[in-house]
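**Q** My structure is below; once you've seen it, I'll send some questions.
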Amino acid sequence: MQALTGFRDFFPDACARRNGIFRSWRRTAERHGFVEYDGPPLESLELFTRKSGPEIVKQLYNFVDKGEREVAFRAEMTPTFVRMVGARHRDFRKPIKWFAIPQLLRYERPQKGRLREHFQFNADLVGSGTPGEDAEVIALLVALLRDLGLGPRDFRVRLSSRAVWHAALDAIGVGAAAHGGVFEVVDKMERVKPEESEARLAGLGLGAEQTAKVRAVSEARDLEGAASAAGGLGEAGEWLRQVIGSLEALGAGDCVAVDLGIVRGLAYYTGVVFEAFALDAAGGYDGRALAGGGRYDDLLKNLAGVALPAVGFGMGDVVLGQLLEEKGLDVTGGAGKRVFVAWPGEEFRVSGLGVVRALREAGFVAEYPLRAQGLGKQLEAAEHAGAACAVIVGEEYARAEVDVKWLAERRQERVAVGRLVEALG
Ligand code: HAM
């Protein structure tokens, strides 16, 4: 039997890669002052249907449980985060800077970079609603990718703003009621034929000239271009300028580019929105997004009844894992140096186990033969295990000495037991 379509088995090598990514995510988030939280994998269906928007709701794994409750597996972390902050926000000093690494389930068509299950690093900040908060969150996104060995040649965070888009649509004469619908069209514009987007915009009541202007805004790749396509950006433009200023000062500027082609598919974003993509050899955007997020100032009010502004993002492990593999970046490190403790006869097993214990306590990955075996077989097992050396515990142990055999170099040396950790170091 195989795993279900769109679900992964994590054999040890895949698990080592996954854990390497998780270690890096945790280390970087903590360095930026974010603390870890978690929530339940199953929530009431209503939590998702109320605010996430049609895209995610279609993709829910939902069912009626044995107590007749309508429930769903989490397809994103934001609703749970909002529910938890809403319930106990008074207990935490602001800004709240939390991160989580949930496994999420989405019933979507499996394809390259998209599965029905993925792990998603989430970072969210609840504060007072400033451009500096947006920059802090985006700087973390950049730092996460950098810590994994990626740089400005490998990815770009495309930075946009729904507030800028609202201002632009107002200027273009698109009524507020149609803005959400326009965002859904713009979100897919790069992936569908122009006629399809035009038809959908016409369906929302936009004329040909308005449609052309919407496309021009979506193609703006800097603030000036956006301002001229939109006919001025006002305060929303100034906000974005401040976000960029802080990102430059935080050293993330070279990985971020203004790009009004981004509006994001989720319904709840209100201000700055952004999405990170891998770059291909020509500097173009390659495939699916590595991460995405934005400011959502009304969701806490709408879901939990507390008016607190928030900003955050999610970064999945699937597209990221593919990119790291393509770039030959190995993130599996972290475990201690591997050694194998061997002995020429079973009478040395007890002494050998004492050496194993001491090495493990000193941080080495130490293994040993679990059944009686000739020394030659044990040294073979040591090589198979990928050990750098074998520590041979024999007659000399009575004089507090062991032999260390360096496997690659085929060199052997006698070492005092008291100096073993240092000699292996
Ligand atoms: P999202 O854009 O739906 O945002 O997902 C964020 C990232 O998760 C994507 O860029 C992608 O890397 C990964 N991802 C999403 N769906 C899949 C899938 N089916 N298979 C593999 N990877 C996937 C959100 O979920 C927002 N809740 C993020 C957020 C947090 N916004 C504010 N705070």
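What follows is calculated from the coordinates using simple rules that are stated; it is not laboratory data. This structure is a prediction, so every number in the text was calculated from the model and none was measured. Here the Cβ positions follow ideal geometry from the backbone for every residue, glycine too, while neighbour counts run over all protein chains shown.
**Q** Roughly how tilted is helix 131-147, in degrees to the nearest 10 and between 0 and 90, from the longest Cα axis of the chain?
**A** The two axes meet at around 40 degrees.
**Q** Identify all aspartates and glutamates with a Cα-Cα distance to K337 below 20 Å; exclude those on the same chain that are fewer than 8 residues away in sequence.
**A** Qualifying aspartates and glutamates at Cα under 20 Å: D13, E361, E367, E380, E383, D403, E409, E413, E422.
**Q** In whole Å, what is the distance between the alpha-carbon centres of region 330-383 and region 262-293?
**A** What the calculation gives is 48 Å, centre to centre.
**Q** Further question on the same structure: Taking Cα atoms, how many degrees apart are the long axis of helix 208-218 and the longest axis of the chain, rounded to 10 and kept between 0 and 90?
**A** Between the helix axis and the principal axis of the chain, the angle is about 30 degrees.
**Q** Can you tell me the order of 142-154, 162-174 when each peptide is scored by its average per-residue count of other Cβ atoms within 10 angstrom, highest first?
**A** Per-residue Cβ counts within 10 Å, averaged per peptide and sorted highest first, yield 162-174, 142-154.
**Q** What does the chain give for Rg and for Dmax, in Å, if only its C-alpha atoms count?
**A** Final numbers for Rg and Dmax: 27.3, 92 Å.
**Q** On to the next question. Give me the percent relative contact order of the chain, please, defined on Cα pairs under 8 angstrom at least 6 residues apart.
**A** 16 percent
**Q** Sticking with the crude label model, points 7 Å out along Cα→Cβ, report the distance from Q111 to R90 in nm, one decimal please.
**A** Label at Q111, label at R90, 4.8 nm between them.
**Q** Hey, rough spin-label estimate for E209 and V64, points 7 angstrom out along Cα→Cβ, what's it come to in nanometres?
**A** Those two pseudo-labels are separated by 5.4 nm.
**Q** Provide the gained length on full extension for the span R338 to E248, in nm with one decimal, where the gain is 0.36 nm per separating residue minus the Cα-Cα distance.
**A** 28.2 nm
**Q** Calculate the FRET efficiency for E380 and R31 from the Cβ-Cβ distance with a Förster distance of 56 Å, rounded to the nearest 0.05.
**A** 0.85
**Q** A further question on this structure: Going Cα to Cα from K94, which lysines come in below 29 Å? Please leave out same-chain ones fewer than 8 positions away.
**A** Straight-line reach from K94, under 29 Å: K51, K301.
**Q** Next question, about the same structure. For the pairs K112/K213; K112/K327; K97/K188; K188/K213; K112/K193, flag any whose C-alpha to C-alpha distance is greater than 24 Å. Please list the in-between numbers first.
**A** On the way: K112/K213 33 Å; K112/K327 17 Å; K97/K188 31 Å; K188/K213 17 Å; K112/K193 21 Å.
Going by Cα-Cα distance, K112/K213; K97/K188 fall outside the 24 Å limit.
**Q** Please list 99-112, 119-132, 307-320 highest first by mean number of surrounding beta-carbon atoms within 10 Å per residue.
**A** The densest-packed peptide leads the list: 307-320, 119-132, 99-112.
**Q** Relative to the longest principal axis of the chain, what angle (0 to 90°, nearest 10) does the C-alpha long axis of helix 162-172 take?
**A** In the chain, helix 162-172 runs at an angle near 20 degrees to the longest axis.
**Q** Name the shape class, rounded, prolate or oblate, that the alpha-carbon gyration tensor gives for region 3-114, where a ≥ b ≥ c are the square roots of its eigenvalues, rounded holds for a/c under 1.5, and otherwise prolate holds if a/b is larger than b/c and oblate otherwise.
**A** The shape class here is oblate.
**Q** Note down the magnitude of the dipole of region 30-130 about its Cα centre, charges +1 on Lys and Arg C-beta and -1 on Asp and Glu C-beta and zero elsewhere, to the nearest 20 debye. Walk me through the numbers on the way to the answer.
**A** Working: 18 positive and 14 negative charges, 53 e Å.
Using only the charged Cβ atoms, the result is roughly 260 debye.
**Q** To continue, here is another question. Provide the gained length on full extension for the span E347 to A400, in nm with one decimal, where the gain is 0.36 nm per separating residue minus the Cα-Cα distance.
**A** Gain on extension, E347 to A400, equals 17.5 nm.
**Q** Given only helices, namely DSSP H runs of n ≥ 4 each adding -39500 (n - 2.57), what is the per-residue ellipticity at 222 nm of the chain, to the nearest 500 deg cm²/dmol?
**A** -11500 deg cm²/dmol
**Q** Let me ask you something else. Place the peptides 7-13, 324-330, 74-80, 382-388 in order of packing, highest mean first, counting for every residue the other Cβ atoms within 10 Å and averaging per peptide.
**A** So the order, starting with the most tightly packed, is 74-80, 382-388, 324-330, 7-13.
**Q** Which value, in debye to the nearest 20, gives the size of the charge dipole of the chain about its Cα centre, when Lys and Arg are +1 and Asp and Glu are -1 at the Cβ?
**A** On the way: 55 positive and 59 negative charges, 140 e Å.
In total the dipole reaches around 680 debye.
**Q** What does the extension gain come out to for S228 and F7, with contour length at 0.36 nm per residue minus their alpha carbon separation?
**A** Answer, rounded to one decimal: 75.0 nm.
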